[in-house]
Amino acid sequence: MFEAAWSVFGGVADRLEQARALPGAAYVDPEVFAGEVRQVMHAGWAPVARVSDLAKPGDYRSVDLAGAPLVAVHDASGTIQVLSRACRHRGMPVVEGSGNAKAFTCPYHLWRYGLDGRLAAAPAMDGSEVFDRADCALPKVATELWGGWVFANVDGRAPPLAPRLAPLAERLAAVDPASLVSAGFLEFDSPWNWKLMVENFLESYHHIGPHAQTLQLTNPGLGTYESLGSEAFTVLENPPVDDSQAPFSVAAAFPLTLMSFVEDGSRTGVWYEMDRIRADGFLLRIHLLAPPDVARDGAFAEGMKGLVNAVHLEDIAACAGAQSGMASPLYEPGPLSRLEAPLWRFHRHLRACFGN
Ligand code: FES
Ligand SMILES: [Fe+2]
């Protein structure tokens, strides 16, 4: 049974031929969003860093995973772990951004934590009868490494990720995502619901519209198809228009991991990271991924940034436009095309998260 607000997912069809878009309320109702935070984003595995960005002891990277401030850190013992970065005193994030540190000192009242989260020092707490240093560690968050990402599961109850993604790992074996490193990123404020970003990423039907002068010329939308899919992931193939162009794949590990790879042996790609997700928007970082020798070549990053930026500007108009229709009382969810099979997979994932 669905609680009232979540009934928006109850109508997700069992078959693609019956599938429709989600109701508008799924994109505008704060109660739906609160349910998603708890049952989808904090209940699943979300990428919080690339392993290659945490190469040395002390390297850290902060994110906000749908309202949970976290830090991924390579600790002194050589282990990569994810900690809550909400101070155990009064909640201030103890660190922001990324870098290398020996300890995390909360900027509010200077409580100092080791890289393993243990509280090392707290000024002027000697009179407190309820203060116990050992009780004030930053909570450790369930962590798994897959495909070169550090994944976190906030509620600690998700089943292991790798077994569910085994067919995806096999499909991407030639790309070997774990061997790729960051070659730079672009950042965009994105004032639309996070699911619209996932959906936009996962279909190339719209190459014929917003990307008519870019991707449609190289990888025509009507030739795309889903090659693999389950309630945990999907892969969309984008064949080239002819031999002078490269195929690319688009894949997602639900709910939040969005990746795309050029499939011509060059092993370059992108990771769309959704940070600071709120009901009405998020911060999008589009990371460029490449083999280490290619990533070191600044010309590659500059060329790729230009392309990615041009395509994303076209997607911004699409996502912002779709969001503007979702609040209308006159919007009724339309039927999905066969070209949108990955959206139907995503919707089935959401439906499963709400227990049906
Ligand atoms: S909130 Fe962190 S030291 Fe007070
Ligand atoms: Fe697009």
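Given the condition buried (at least 17 other Cβ atoms within 10 Å of the Cβ), under 18 Å from ALA19 (Cα atoms) and among the acidic types (Asp, Glu), answer yes or no: does some residue in the range 220-232 qualify? Yes, the range 220-232 contains a residue that is buried (at least 17 other Cβ atoms within 10 Å of the Cβ), under 18 Å from ALA19 (Cα atoms) and among the acidic types (Asp, Glu). The combined condition, being under 21 Å from ASP275 (Cα atoms), in the same structural domain as SER62 (by TED's automatic domain parsing) and assigned to a loop (DSSP other than H, G, I, E, B), is not fulfilled by LEU145.
Would you say ALA120 is away from ligand 2 (no atom under 16 Å from the Cβ), in contact with a helix residue (DSSP H, G or I) (Cβ under 6 Å, 6 or more places away or on another chain) and among the small types (Gly, Ala, Ser)? No. Set side by side, the residues ALA152, ALA174, ALA134, ALA183 differ, and just one is surrounded by fewer than 16 Cβ atoms within 10 Å (Cβ to Cβ) and touching a residue at least 40 places away in the same chain (Cβ under 8 Å), which is ALA174. The sole residue among ASP280, ASP293 that is closer than 19 Å to LEU256 by Cβ and open to solvent by 20 Å² or more (accessible area, probe 1.4 Å) is ASP280.
Residues that are touching a residue at least 40 places away in the same chain (Cβ under 8 Å) and within 24 Å of LEU202 (Cβ to Cβ) number at least 1 in the following strands (runs of 3 or more DSSP E) confined to the range 6-122: 46-50, 59-65. Do we find a residue being farther than 22 Å from TYR272 by Cα, charged (D, E, K, R) and either outside the structural domain of THR79 (by TED's automatic domain parsing) or more than 16 Å from ligand 2 (Cβ to nearest atom) (or both) anywhere in the range 155-164? Within the range 155-164, one or more residues are farther than 22 Å from TYR272 by Cα, charged (D, E, K, R) and either outside the structural domain of THR79 (by TED's automatic domain parsing) or more than 16 Å from ligand 2 (Cβ to nearest atom) (or both).
Restricting attention to the range 257-272, the residues being open to solvent by 10 Å² or more (accessible area, probe 1.4 Å) and either under 24 Å from ASP189 (Cα atoms) or in the same structural domain as LEU65 (by TED's automatic domain parsing) (or both) number 3. Here the condition is being open to solvent by 70 Å² or more (accessible area, probe 1.4 Å) and either under 14 Å from ARG61 (Cβ atoms) or not assigned by TED's automatic domain parsing to the domain that holds TRP271 (or both); of LEU110, LEU119, it holds for LEU110 alone.
For the range 70-85, what are the residues that are open to solvent by less than 30 Å² (accessible area, probe 1.4 Å) and either modelled with pLDDT under 95 or in contact with a Pro (Cβ under 8 Å, 6 or more places away or on another chain) (or both)? Passing the criteria: HIS74, ASP75, LEU83, SER84, ARG85.
The values are calculated or read from the model by the stated rules, or taken from the named source; none is laboratory data. Everything quoted here is computed from the prediction, not taken from an experiment. All Cβ positions, even for glycine, are placed from backbone atoms using ideal geometry, and neighbour counts span all protein chains on display. These area figures cover heavy atoms from the full protein model, side chains too; ligands, DNA and RNA do not enter into them. Shrake-Rupley method; radii C 1.70, N 1.55, O 1.52, S 1.80 Å.
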